[in-house]
Amino acid sequence: MCLALGLVSPILGETFTFPTANKFLLTPEREADFFTATSGKPWSSGTYGCVRSEGWQLHEGLDIKCLERDDRGEPIDPVMASAEGFVEYANRNPALSNYGNYVILKHRIDGLEVFSLYAHLSLVCEDLAKGDLIRKGDVIGIMGRTSNTQESISLARAHVHFEVALQLNERFPEWHEKNFPDQRNDHDRWNGQNFIGVDPSVLLRASPQAGMEFSLRRYLRGQTELCRVLVLETDFPWLRQYTRLIRRNPVSDAEGVAGYELALNFAGLPFELIPRAPSEIDFGERVQLLTVNKAEKDANPCGRILNQEEGKWRLTNKGMRLIDLLTY
Ligand SMILES: [Zn+2]
């Protein structure tokens, strides 16, 4: 099954392609044939975003429906690399993750390091190893229902969980060990907590048929802002990994940098970073919440990185943890 189908000749403007043969996302009114819903809920519960628990729970990827089954009804859709990249991680011990068997590929697109993740596989291709170059369309595994959650994925809900994400900090294992010494981390820096997903359906819809040149950087920079946070730090991994998200500031160019202002989206993705000069900031707390977009907080509450106490906005413990990991 694990043969390279390798769709070569990358098309201008194309970034990611569908990880299975299911492309119903592109057919109007056929969303229910593309997304796998959670039980008793509409297809939208299989999309990315604040789509679960009445909007309070984030689903960080797409649950893409199975098209092919064997005699026992088990899913057998080949799962393919959504873009050219390198194998970053393959978990072949499904008991160790709610993702079950999963693969992470690393891509460089539009000058940005971005990862794709394929979860609940029944099988990860045997010869797949860290560092392998994978072309778009190469088969990396077979759709399945693996997961270590108490409630298993039913036959009816067979799907691949597909994410496109940015990595918060390559030093995640050290950060985790320091902050959660009693908790296991079985997946090194490929722990789900270390990734922040964006909506893959936007990337999949930006297909070459649309005739437009898609820019991942433009897409990221165009996220709706939930809040702005100032951190009095001048060197952390995100700055080096996502240099293209930094906006130039003539004042800090002239005076030097004393900290960074981060624009975060509802999920906590730092999609724009502005260096700030000493004359532009208040030297106080190491992490300062500067502004809040309440309309976005109301529209997408599931990131849970902010709350309001006695009329005053503050970062939640989750929000503080995110900034701490980002700047560790
Ligand atoms: Zn999912």
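The values are calculated or read from the model by the stated rules, or taken from the named source; none is laboratory data. Keep in mind it's a predicted model, so treat the numbers as computed, not measured. Glycine also receives a Cβ, built like all others from the backbone with ideal geometry; neighbour counts cover every protein chain displayed. In case anyone asks, the SASA skips ligands and DNA or RNA and just uses the protein heavy atoms, side chains included. Shrake-Rupley method; radii C 1.70, N 1.55, O 1.52, S 1.80 Å.
Only one of these is closer than 29 Å to Gly319 by Cβ, more than 21 Å from the chain's Cα centre (by Cα) and more than 15 Å from the ligand (Cβ to nearest atom): Asp188, Asp182. Name it.
After ruling out the rest, the residue left standing is Asp182.
Being over 30 Å from Asp298 (Cβ atoms), in a strand (DSSP E or B) and among the β-branched types (Val, Ile, Thr): is that true of Val51 here?
It is false that Val51 is over 30 Å from Asp298 (Cβ atoms), in a strand (DSSP E or B) and among the β-branched types (Val, Ile, Thr).
Please verify whether segment 130-148 includes one or more residues that are surrounded by fewer than 16 Cβ atoms within 10 Å (Cβ to Cβ) and either under 26 Å from Trp43 (Cβ atoms) or within 16 Å of the ligand (Cβ to nearest atom) (or both).
Yes, the conditions are met somewhere in segment 130-148.
With Asn93, Asn22 as the choices, which residue is more than 20 Å from the chain's Cα centre (by Cα), closer than 21 Å to Phe214 by Cβ and either at pLDDT 95 or above or of a type outside the set (A, V, I, L, M) (or both)? Before you say what the answer is, go through the steps one by one.
On the way: Asn93 fails: closer than 21 Å to Phe214 by Cβ.
The unique qualifying residue is Asn22.
Of all strands (runs of 3 or more DSSP E) completely enclosed by segment 246-292, which ones contain at least 2 residues that are without any contact (Cβ under 8 Å) to a residue 40 or more places away in the chain and on the phi < 0 side of the Ramachandran plot?
On the way: elements: 259-264, 270-276, 287-292.
Per the criteria, 259-264, 270-276.
On the basis of being under 20 Å from the mean Cα position of the chain (by Cα) and within 16 Å of the ligand (Cβ to nearest atom), does Ile196 make the cut?
yes
In the list Val87, Val79, Val114, which residue meets the criterion of being in a strand (DSSP E or B), within 25 Å of Lys23 (Cβ to Cβ) and within 15 Å of the ligand (Cβ to nearest atom)?
Going through Val87, Val79, Val114 in turn, just one is in a strand (DSSP E or B), within 25 Å of Lys23 (Cβ to Cβ) and within 15 Å of the ligand (Cβ to nearest atom): Val79.
Quick grid of which residues meet (1) surrounded by fewer than 19 Cβ atoms within 10 Å (Cβ to Cβ); (2) farther than 28 Å from Gln223 by Cβ; (3) at pLDDT below 95; (4) not assigned by TED's automatic domain parsing to the domain that holds Asp199:
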{"position": "Pro28", "(1), (2), (3), (4)": "yes, no, yes, no"}
{"position": "Thr38", "(1), (2), (3), (4)": "yes, no, yes, no"}
{"position": "Ile64", "(1), (2), (3), (4)": "no, no, no, no"}
{"position": "Glu68", "(1), (2), (3), (4)": "yes, yes, no, no"}
{"position": "Val79", "(1), (2), (3), (4)": "no, no, no, no"}
{"position": "Leu105", "(1), (2), (3), (4)": "no, no, no, no"}
{"position": "Asp110", "(1), (2), (3), (4)": "yes, no, yes, no"}
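Arg72 versus (1) open to solvent by 70 Å² or more (accessible area, probe 1.4 Å); (2) assigned by TED's automatic domain parsing to the domain that holds His159; (3) modelled with pLDDT under 95: which is the lone unmet condition?
Failed condition: (3).
With the requirement that a residue be more than 25 Å from Ala83 (Cα to Cα) and either assigned to a loop (DSSP other than H, G, I, E, B) or free of Cβ contacts under 8 Å to residues at least 40 places away in the same chain (or both), what does segment 211-227 give you?
Restricting attention to segment 211-227, the residues satisfying the condition of being more than 25 Å from Ala83 (Cα to Cα) are 224-227.
Correct list: Thr224, Glu225, Leu226.
Within segment 228-242, which residues are open to solvent by 10 Å² or more (accessible area, probe 1.4 Å), modelled with pLDDT of 95 or more and either touching a helix residue (DSSP H, G or I) at 6+ places or on another chain (Cβ under 6 Å) or not in a loop (DSSP other than H, G, I, E, B) (or both)? Break it down into steps so the answer makes sense when it comes.
Our first condition is that a residue be open to solvent by 10 Å² or more (accessible area, probe 1.4 Å); within segment 228-242, this holds for 228, 232-235, 239-241.
If we keep only those that are modelled with pLDDT of 95 or more too, we end up with 228, 232-235, 239.
Scanning segment 228-242 gives Arg228, Leu239.
Counting only residues that are within 16 Å of the ligand (Cβ to nearest atom) and outside any strand (DSSP E or B), which one in segment 59-76 is nearest to Ala156 (Cα to Cα)?
Among those residues, the one meeting the criterion is Cys66.
Considering each residue of segment 16-41, count those that are more than 23 Å from Met80 (Cα to Cα) and either in a strand (DSSP E or B) or away from the ligand (no atom under 15 Å from the Cβ) (or both), and give that number.
Final tally of qualifying residues: 3.
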